[in-house]
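All remarks here apply to the structure that follows.
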Amino acid sequence: MTILRPEIAARLFDTPLMVDARKASAIAAALGGRIVEGGVMVLGAEAIEHIAFSGGRPSAGRVGDRLGRAYDREGLAPFDLVDGVAVIPVEGTLVHKGAYVGSYSGRTSYQGLQSQIVRAARSDAVKGVAFEVDSFGGEVAGAFETADMIAGLSKLKPTIAILTDHALSAGYLLAAPARQVVLPETGRAGSIGVITLHADYSERLAKDGVRVTILAAGAHKADGNPFEPLPDAVAGRIRAELESMRQTFAGAVGRYRGARLDRGRALATEAQDYRGSEAVAVGLADAVGPANDAFAAFVKAVNRG
């Protein structure tokens with residue numbers, strides 16, 4: 001057994017992800033053969049494929065904000081500006097770092113989002129901000145910081161999250177701080193939970209006649225390694241860490257949504273996601289309607305005010 005792409009494996013396995021379970025299954029199934037020789041067996045949630053801009057979906061150095069300063073030097077805004085409304089896309093898989101704005105190769109970076117949020121907040125030309133959200137989630141690292149920045153922006157200027165069509169897991173975390181969340185009847189919102197994948201290659205290694213000897217200093221240094229079965233105690237500790245993150249996730253949603261969806265009711269969803277009007281009834285969203293209509297109404301309201 002050979003790990004072909006260790007850098008990708010390190011980001012996929014044994015690291016907390018705020019991504020819908022079906023998306024995690026799809027990633028593992030699609031990339032398994034490219035990450036590990038012979039591929040990986042995926043058990044559990046049914047896989048779902050979701051790529052930014054597919055099916056006609058429209059495109060719309062972290063410390064020190066090097067990316068944003070590059071735009072400043074050119075005198076450019078890092079977002080589309082439509083009648084005083086900045087349009088910021090939150091689409092595809094969400095990753096911590098990426099020196100670009102908008103979506104790139106099906107991914108949106110928190111780094112790029114933060115550069116846009118900062119400049120939308122301080123620009124006199126921006127009267128309001130529309131976040132176009134179509135994401136099944138992504139990495140935990142950077143997600144909460146970005147969501148808090150959107151919450152801060154929402155205190156300064158009108159904001160709206162328009163789903164085209166999904167806001168799941170970390171995608172929902174970034175939609176929740178907007179003053180209003182609108183989704184189509186076919187859209188889905190929620191999945192307030194955290195997931196991680198663990199690959200156990202021990203049986204395959206044994207069949208190949210390969211024995212891995214792990215030498216480590218520190219009782220827990222090799223916990224969760226992929227070359228031996230996952231002990232119950234280690235699995236329990238990982239589940240406890242994931243539950244702690246879910247509590248943090250629900251607490252953040254409760255702060256952003258207030259009476260519309262408090263922390264307790266966010267936890268009660270048990271990471272389920274909801275479609276259209278059902279999402280509104282639960283408190284995950286505020287209205288159901290076509291994305292273009294929601295955007296036109298928001299532009300009109302912002303300029304009327």
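Specify which of the listed residues (Asp262, Asp273) is of a type in the set (D, E, K, R) and either surrounded by 19 or more Cβ atoms within 10 Å (Cβ to Cβ) or touching a strand residue (DSSP E or B) at 6+ places or on another chain (Cβ under 9 Å) (or both). Break it down into steps so the answer makes sense when it comes.
Working: Asp262 fails: either surrounded by 19 or more Cβ atoms within 10 Å (Cβ to Cβ) or touching a strand residue (DSSP E or B) at 6+ places or on another chain (Cβ under 9 Å) (or both).
It is Asp273.
Any idea how many residues of the range 259-297 are out of contact with any Pro (no Cβ under 9 Å at 6 or more places or on another chain) and at positive phi?
So the count comes out to 3.
What number of residues in the range 131-188 are among the aromatic types (Phe, Trp, Tyr) and farther than 16 Å from Val253 by Cβ? Write out each step before concluding.
Keep residues of the range 131-188 that are among the aromatic types (Phe, Trp, Tyr), which gives 131, 136, 144, 172.
After this cut, where a residue has to be farther than 16 Å from Val253 by Cβ as well, the list is 136.
Here the count works out to 1.
May I ask you to list the residues in the range 103-113 that are over 14 Å from the mean Cα position of the chain (by Cα) and either under 12 Å from Gly68 (Cβ atoms) or not polar (S, T, N, Q) (or both)? Give the derivation first.
Step one: of the range 103-113, the residues over 14 Å from the mean Cα position of the chain (by Cα) are 104-105.
Within the range 103-113, Tyr104 is the sole residue that qualifies.
Would you pick out the residues in the range 199-232 that are among the aliphatic types (A, V, I, L, M) and more than 19 Å from Pro16 (Cα to Cα)? I'd like the intermediate steps shown before the answer.
Of the range 199-232, the ones among the aliphatic types (A, V, I, L, M) are 199, 205-206, 210, 212, 214-217, 219, 222, 230.
Once the filter is applied, which keeps residues that are among the aliphatic types (A, V, I, L, M) and more than 19 Å from Pro16 (Cα to Cα), the range 199-232 yields Leu205, Ala206, Val210, Val212, Ile214, Leu215, Ala216, Ala217, Ala219.
Somewhere in the range 206-217, is a residue under 30 Å from Val82 (Cβ atoms) and out of contact with any helix residue (DSSP H, G or I) (no Cβ under 9 Å at 6 or more places or on another chain)?
Just the residues of the range 206-217 that are under 30 Å from Val82 (Cβ atoms), to begin with: none.
Checked against the condition, which is being under 30 Å from Val82 (Cβ atoms) and out of contact with any helix residue (DSSP H, G or I) (no Cβ under 9 Å at 6 or more places or on another chain), the range 206-217 yields no hits at all.
Just one of Leu153, Leu173 is over 16 Å from the mean Cα position of the chain (by Cα) and more than 11 Å from Ala291 (Cα to Cα); which is it?
Working: Leu173 fails: over 16 Å from the mean Cα position of the chain (by Cα).
Answer to the selection: Leu153.
I need the full set of residues from the range 65-94 which are part of a strand (DSSP E or B), within 19 Å of Val129 (Cα to Cα) and among the aliphatic types (A, V, I, L, M), in order please. Before the answer, list the steps.
From the range 65-94, those part of a strand (DSSP E or B) are 80-82, 85-94; that's our starting set.
Going one step further and asking which of them are within 19 Å of Val129 (Cα to Cα), we end up with 80-82, 85-91.
Leu81, Val82, Val85, Ala86, Val87, Ile88, Val90 - these are the residues of the range 65-94 that are part of a strand (DSSP E or B), within 19 Å of Val129 (Cα to Cα) and among the aliphatic types (A, V, I, L, M).
None of the figures in this text is laboratory data; all of them are computed from the coordinates on show. Treat the numbers as computed from the prediction; the structure is a model and nothing was measured. Every residue, glycine among them, receives a Cβ derived from its backbone with ideal geometry; neighbour counts consider all protein chains shown.
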